[in-house]
Amino acid sequence: MGFNASREGVSIGGNGLSANLPILIQTLADVVQNATFPDNQLELSRQRALISLKVQLDDPRGLGRRVFQQAIYPENHPFHSFPTEESLKSVTRDDVLRFYQEHYRPDTTTIALVGDFDPNQVKALFNQAFDKWQAQGKPPTLNLPTVSLPQTMKRLSAVIPGKAEAVTYIGYNGISRKDPRFYAAEVLNQILGGDTLSSRLGTEVRDRQGLTYGIYSAFAAGINPGPFLIQMQTAPSDAQKAITSALALLKQLREQGITEAELNTAKRSITNSYPVELANPSNVATIVLENAIYGLSQAEIREFPKRIQAVTLPQVQQAIQELIHPDKLVITTAGSGA
């Protein structure tokens, strides 16, 4: 069983043998409802977090993503906030306990279970394990400020001496998962940089020009709009050439759009890989959980391939005009600064 604090919440994942399902549910229920935060464990967690922070700040990927995201989101936006040595050292047990009491509550918790089990037995186990878990008052609300696109292109760099690799992030604030353009954006992204080997960015910048070790793009669409980004790893001396090539491809995409052949290939690639994902129970649990958290219907797990297949060429062309802005990018490169 493991815990992960992410951009929009906390995920708790566990797996085990079907025969041990009662133990898994009881352990989950105990941890979520009866956490005590003993001082010695809190200090151990603090030291681990401080070590993790040092590793992140010495990694071009971690530091680059931090600088990139803080350039997109204003200081009063939760997505701007990252741990610092000072913030980690200042957290007290009372702070942790207060956060736990405010945010760990049944009315904001969703549980997804996938595997070989009897539904009636599981309902009985959940009722027994969580029967006494009661919410106090109304759940906390989060009002995020509106995030505008940059008025002009913004360039930033973060120097980490001695690194053989430079990592560049290019992008701006994007869309949420419930945005009606999401499926068109998924197809668009598959063509642009969804696959390092066969996308426009991968074919041109990585394969033909040989400027990157890897390059991809993504719409980080969550409950709230997350970043649209291109990430690439290069030799420090090749970073600027790779950036120039990526920007040229974005301009070409906006000016010329995509072809019918690219549309069909992208849709086929997404829908063919989806059943492979569903072969893994852990992936199925994650998809079911995220769909519920995003406010999508339970039918979404079956309907997703159909909605991708239904995307038309005009929809993708419109998404390009509305979502691709080569002149309003934040560009961040982290590395040795060559």
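The values are calculated or read from the model by the stated rules, or taken from the named source; none is laboratory data. Every value quoted in this text rests on a predicted model; they were computed, and no experiment measured them. We place every Cβ from the backbone using ideal geometry, glycine too, and count neighbours over all the protein chains shown. Calculation scope for accessible area: heavy atoms of the full protein, side chains included, ligands and nucleic acids excluded. Shrake-Rupley method; radii C 1.70, N 1.55, O 1.52, S 1.80 Å.
Does Ala129 qualify as being assigned to a helix (DSSP H, G or I), under 29 Å from Arg268 (Cβ atoms) and touching a residue at least 12 places away in the same chain (Cβ under 8 Å)? Taking the combined requirement at face value, the residue does not satisfy it. Considering each residue of the range 139-160 in turn, none proves to be open to solvent by less than 10 Å² (accessible area, probe 1.4 Å) and closer than 30 Å to Ala29 by Cβ. Evaluation of Ser176 against the conditions (1) touching a residue at least 40 places away in the same chain (Cβ under 8 Å); (2) more than 17 Å from Val330 (Cα to Cα); (3) open to solvent by 80 Å² or more (accessible area, probe 1.4 Å) shows that the sole unmet condition is (3). Just one of the numbered conditions (1) within 30 Å of Phe117 (Cβ to Cβ); (2) within 24 Å of the chain's Cα centre (by Cα) is not true of Ala35: (2). Can you tell me which condition Ile230 does not meet? The list is (1) of a type in the set (Val, Ile, Thr); (2) over 16 Å from Ile170 (Cα atoms); (3) in contact with a strand residue (DSSP E or B) (Cβ under 8 Å, 6 or more places away or on another chain), and all the others hold. Only one criterion is unmet by Ile230, namely (2).
Please tell me if Tyr100 is in contact (Cβ under 8 Å) with a residue 40 or more places away in the chain, farther than 30 Å from Tyr216 by Cβ and of a type outside the set (Val, Ile, Thr). Step through it out loud before you land on a result.
Numbers: in contact (Cβ under 8 Å) with a residue 40 or more places away in the chain: yes; farther than 30 Å from Tyr216 by Cβ: yes; of a type outside the set (Val, Ile, Thr): yes.
For Tyr100, the condition - in contact (Cβ under 8 Å) with a residue 40 or more places away in the chain, farther than 30 Å from Tyr216 by Cβ and of a type outside the set (Val, Ile, Thr) - is met.
Reported count of residues in the range 204-229, each being outside any strand (DSSP E or B), open to solvent by less than 50 Å² (accessible area, probe 1.4 Å), over 14 Å from Ala185 (Cα atoms) and in contact with a Leu (Cβ under 8 Å, 6 or more places away or on another chain), is 3. Pairing each residue of the range 294-321 that is over 15 Å from Asn189 (Cα atoms) with any residue that is buried (at least 16 other Cβ atoms within 10 Å of the Cβ) and of a type in the set (D, E, K, R), provided the two are 6+ apart or on different chains, yields C-beta distances under 8 Å for Tyr294/Arg177; Leu296/Arg177.
For the range 142-156, the candidate set comprises residues that are in contact with a helix residue (DSSP H, G or I) (Cβ under 8 Å, 6 or more places away or on another chain) and in a strand (DSSP E or B); within that set, the residue that is farthest from Thr332 (Cα to Cα) is Lys154.
A single entry from Val330, Val311 fulfils the requirement of being aliphatic (A, V, I, L, M), under 21 Å from the mean Cα position of the chain (by Cα) and at pLDDT 95 or above: Val330. Does any residue of the range 189-203 turn out to be at pLDDT 95 or above, within 24 Å of Lys154 (Cα to Cα), among the aliphatic types (A, V, I, L, M) and open to solvent by 10 Å² or more (accessible area, probe 1.4 Å)? No, that holds for no residue.
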